[in-house]
Amino acid sequence: MKLLTYEVDGKERVGVLSRDEAWVCPISAAGMDYRTMKELIRECGPSELEMLNYISGKDPSEIKGAVPLADVRVLAPVPEPDQDVICLGINYLSHAKEAAKFEKEAFEKPEQAIYFAKRVNRAVDPEGGISAHRDLTSQLDYEAELAVIIKKDAFRISREQVRDYVFGYTVLNDVSAREVQTGHKQWYFGKSLDGFTPMGPWILTADSVEFPPKLAIQSRVNGELRQDSNTELLIHGIEEVICELSSGMTLKSGTIIATGTPSGVGMGFDPPRFLVPGDVVECTIEGIGTLKNTVVE
């Protein structure tokens, strides 16, 4: 099942995508009045999710408020996260190797997971623009990532419990200003500029795929395939990461964890192939969907 945040008639709504992905059905059709995706994630119970799944399979003509997907503006599924996105650095072996070639000291393969935060005032919509910030960077880069969304507050949970705390998955492009990232000797500023977090196009609920998910992940720039891997190749997997983080901090409902990117990013080429205004970046994860964003001034 796929849940999304969308805009129609000037109003932001939460809905479920029909199984043929041609229609959007408002959650009000299932008797729910959650105003935001954050509320739905936090408060929606198993029986309500079952009802939404049922709605997604019905004939849209029988559902009040259903509209063609082509007639709505799809927004980032969680447009304004309550907290910074938690990110994993150097979490595919192939990316560790290419990153070390770019700058060995900054990107050497770690023995333990590298965690960092990414500030998101507002996530970029699936068709939105990536801000070039040319006054700050000439090394604008892309990173296709699987993002995990936490369903309920998690504190000191075991690996065996992790799957019960995962609400679903979405696609995230961890846009980066490389010289800002490496110049500050930490990654927060270079990863957190406005317009640096495209997300979406929707959330694939956790019960829709095996756990942990083994999904093809790709990126394309101007139609050229750049990244091509699978989420089963994570160095530090979802169970390890959530178990470790929750051992000392509470992961609140709605927390977003970006699990890292495979090889094929711009800095991995010789010479590097960074983004410029006008470039179109597509990040795709099997079973979820595609983010398609254009770099803008």
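In whole Hz and in residue order, list the ³J(HN,Hα) couplings for segment 265-282 that follow from phi through the Karplus curve 6.51 cos²θ - 1.76 cosθ + 1.60, θ = phi - 60°; x for Gly and Pro.
Result, ordered by residue: 6, x, 6, x, 8, 10, x, x, 10, 7, 7, 9, x, x, 5, 10, 10, 10 Hz.
Evaluate E = 1/(1 + (r/R0)^6) for residue 82 and residue 163, where r is the Cβ-Cβ distance and R0 equals 22 Å; express this FRET efficiency to the nearest 0.05. Kindly include the intermediate steps, with their values, before the conclusion.
Numbers: r = 23 Å, r/R0 = 1.03.
The calculated FRET efficiency here is 0.45.
Angle between the Cα long axis of helix 93-102 and the longest principal axis of the chain, 0 to 90 degrees, nearest 10?
Helix 93-102 sits roughly 40 degrees off the main axis of the chain.
Over segment 169-244, average the accessible area per residue using a 1.4 Å probe and give it in Å², no decimals. Kindly include the intermediate steps, with their values, before the conclusion.
Working: 2660 Å² over 76 residues.
Per-residue accessible area for segment 169-244 comes out at 35 Å².
Relative contact order for segment 138-279: what percent, with Cα pairs under 8 Å and sequence separation of 6 or more?
On the way: 264 pairs, mean separation 51.6, N = 142.
Answer for segment 138-279 is 36 percent.
Pairs of alpha-carbon atoms within less than 8 angstrom and 6+ residues apart define the contacts here; what relative contact order does the chain have, in percent? Kindly include the intermediate steps, with their values, before the conclusion.
Numbers: 731 pairs, mean separation 69.6, N = 297.
The value is 23 percent.
Which of the trypsin sites (Lys or Arg not before Pro) found in segment 52-88 are in a DSSP loop and have at most 12 neighbouring Cβ atoms, other than their own, within 10 Å?
Working: sites: 58, 64, 73; in loops: 58, 64.
Here the trypsin sites (Lys or Arg not before Pro) that fit, given the DSSP loop and packing criteria, are 64.
Just want to confirm a number: the relative contact order over segment 110-177, from Cα pairs under 8 angstrom separated by 6+ residues, in percent. Intermediate values should be presented prior to the final figure.
Working: 57 pairs, mean separation 24.4, N = 68.
Result for segment 110-177 is 36 percent.
At 1.4 Å probe radius, can you tell me the per residue accessible area of segment 19-161 in Å²? Each step should come with its number before you reach the end.
Details: 7460 Å² over 143 residues.
Roughly 52 Å² per residue, with all protein chains present.
Tally Lys and Arg at +1 and Asp and Glu at -1 over the other residues with C-beta under 12 Å from the C-beta of residue 192: what net charge comes out? Walk me through the numbers before you get to the answer.
On the way: positive: 118, 119, 191; negative: 84, 174, 194.
In short, 0.
Pick out, in residue order, every one of the GluC sites (Glu not before Pro) in segment 28-60 that is DSSP loop and has at most 14 other C-beta atoms within 10 Å; say none if there are none.
Values: sites: 39, 43, 48, 50; in loops: none.
Hits after loop and neighbour filter: nothing returned.
Ordered by residue, what ³J(HN,Hα) values in Hz, to whole numbers, does segment 82-89 give under the Karplus form 6.51 cos²θ - 1.76 cosθ + 1.60, where θ = phi - 60° and Gly and Pro are x?
5, 9, 4, 5, 8, 10, 9, x
Give me the distance between the Cα centres of segment 40-71 and segment 248-291, rounded to whole Å.
29 Å
By the scheme Lys and Arg +1, Asp and Glu -1, what is the net charge of all other residues having a beta-carbon under 11 Å from that of residue 152?
Values: positive: 42, 151, 252; negative: 43, 153, 164.
It works out to a net charge of 0.
Rounded to the nearest percent, how much of the accessible area of the chain (1.4 Å probe, protein heavy atoms only) is carbon and sulfur?
Numbers: 6020 of 13030 Å².
Using a 1.4 Å probe with all protein chains present, the chain comes out at 46 percent carbon and sulfur.
The values are calculated or read from the model by the stated rules, or taken from the named source; none is laboratory data. Predicted, not measured: the structure shown is a model, and the values here were computed from it. Please note: Cβ atoms are built from the backbone with ideal geometry, for glycine as well, and neighbour counts cover all protein chains shown. Heads up: the accessible areas ignore ligands, DNA and RNA and are worked out on the full protein's heavy atoms, side chains in. Shrake-Rupley method; radii C 1.70, N 1.55, O 1.52, S 1.80 Å.
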